[in-house]
Each structure stands twice: as structure tokens, then as C-alpha cells.
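All of the numbers you see were taken from the coordinates with simple rules; none came from a lab. Note that the coordinates shown come from a computational prediction; the quantities given were computed from them, not determined experimentally. Virtual Cβ from ideal backbone geometry, glycine too; neighbours counted across all protein chains shown.
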Amino acid sequence: MLIEDVLKEFVFECKIKKLSERTVKSYKNNTSSFIIFSKNAFEVKEVEEINHLHIKQYFNYLMNKGLRESYINGILKCLRAFFKYVKTEEYILKCPCEKVS
């Protein structure tokens, strides 16, 4: 399934769960930035194509930009929430964030 479509579903789910606007915005923006990076760096279009190495490469990219570790950990939390949703919806069998610390 197209990763942008899954992101839209995820944001809708977050709103239904009545997460705060700030949390929903954070989830959407951080996940969207990861998706853009994955498309540009790895030509990823489908959510099933994402693996843990893509996520690690993204974090390496963020570290090389000089971002703080605490900020990057916040992004990891957003991606974990997204991929947990993706796994729950059975778009993927295994969460790629499990191999990322």
C-alpha cells in the first residue's frame, strides 16, 4: 500500500483516539519527513518496502545535521507509533523499528 495513504489513515486514527493536536501534528510531521527521506534516498513508495536499515540511515542523516539526541529519540517514538499502527492494520508483518535502538 502507498505509504502516504497509510500515513493519512494513521493521522485519522490518532484523531479518532482523541490524541492532542500537538501529538497528532508531531506524528504527522515527523513521519512525513521520514517518508520524504525514504523516497529520495531509497525510492520507497510502498509501506511494505521499509526496513530497519532505512530508519537507521534516516537517523544517521539527522545526526549528521547536528540534531540533538533527545530530538532524534522523539522522532523514533513517532515512527514507532506509526509502524505499530501499520502492523496492527496488517499492512506489514514485522515492525521495522524493533531493530532500531
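Listed values, structure above:
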{"quantity": "Lysines whose Cα lies under 28 Å from that of LYS45, excluding same-chain neighbours fewer than 8 positions away", "calculated": "LYS8, LYS15, LYS17, LYS25, LYS28, LYS56, LYS65, LYS77, LYS84, LYS87, LYS94, LYS99"}
{"quantity": "Protection proxy ranking of 63-71, 11-19 - average other beta-carbon atoms within 10 Å, highest first", "calculated": "11-19, 63-71"}
